[in-house]
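Peer 1: My structure is below; once you've seen it, I'll send some questions.
The values are calculated or read from the model by the stated rules, or taken from the named source; none is laboratory data. The structure displayed is predicted, hence computed values, not measured ones. As a convention, Cβ positions derive from the backbone with ideal geometry for all residues, glycine included, and neighbour counts pool all protein chains shown.
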């Protein structure tokens, strides 16, 4: 009986450990291709510009197979600037959820001057995801392509991974990866983020 109880406790402990195995992705420049406008990185504004990174399904599939939970947290100030329609953002979100093993997508629709808590570099979207989906941010990774992603991840207590791009030189994170697939390799090598 004691051996059975020990096995049950070990199984419950393993399940609790998996609960903390979480990755939060930025959207543009990580999950989907960035759009360059006037020499600066920008978000897609229509479905023709919205292209999921070809490596994303296989890379995220490896995380799913390893028991990780996955979410997206994305600033979309073009909503506040009236440069993209809410229906277009909804269609992009639906495309992500259909193509990738993502549990939920959070969007901040505000601009810099709005003073919201959800716009990265503030951690509001990450904190809300952790609360609503019951996971521990200290065991989570935040993958992004901008300093705002890194700062939000750090403020929320996540380990951070920067996907290196020409436009983010000089940004530092806990880890740096050349590609999304390399970022996933890092996570699978490290396992749960150190506490």
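Peer 1: Does residue 60 meet the test of being out of contact with any helix residue (DSSP H, G or I) (no Cβ under 7 Å at 6 or more places or on another chain), in a helix (DSSP H, G or I) and surrounded by 20 or more Cβ atoms within 10 Å (Cβ to Cβ)?
Peer 2: yes
Peer 1: A further question on this structure: Return the only residue of 135, 141 being within 27 Å of residue 55 (Cα to Cα), surrounded by fewer than 21 Cβ atoms within 10 Å (Cβ to Cβ) and touching a strand residue (DSSP E or B) at 6+ places or on another chain (Cβ under 6 Å).
Peer 2: Going through 135, 141 in turn, just one is within 27 Å of residue 55 (Cα to Cα), surrounded by fewer than 21 Cβ atoms within 10 Å (Cβ to Cβ) and touching a strand residue (DSSP E or B) at 6+ places or on another chain (Cβ under 6 Å): 135.
Peer 1: Residues being under 14 Å from residue 44 (Cβ atoms), touching a helix residue (DSSP H, G or I) at 6+ places or on another chain (Cβ under 8 Å) and in a loop (DSSP other than H, G, I, E, B): count how many of those fall in the stretch 70-118.
Peer 2: Here the count works out to 3.
Peer 1: Quick one: in the stretch 1-52, of everything that is part of a loop (DSSP other than H, G, I, E, B) and surrounded by fewer than 10 Cβ atoms within 10 Å (Cβ to Cβ), which residue is modelled with the highest pLDDT?
Peer 2: Checked the stretch 1-52; the qualifying residue modelled with the highest pLDDT is 48.
Peer 1: Which one of the conditions (1) in contact with a helix residue (DSSP H, G or I) (Cβ under 9 Å, 6 or more places away or on another chain); (2) modelled with pLDDT of 95 or more does residue 178 fail to meet, given that it meets all the rest?
Peer 2: That leaves (1) as the condition not met.
Peer 1: Identify, from the list 150, 84, the residue that is over 19 Å from residue 24 (Cβ atoms) and crowded, with 19+ Cβ neighbours inside 10 Å.
Peer 2: Just one listed residue meets the conditions, 84.
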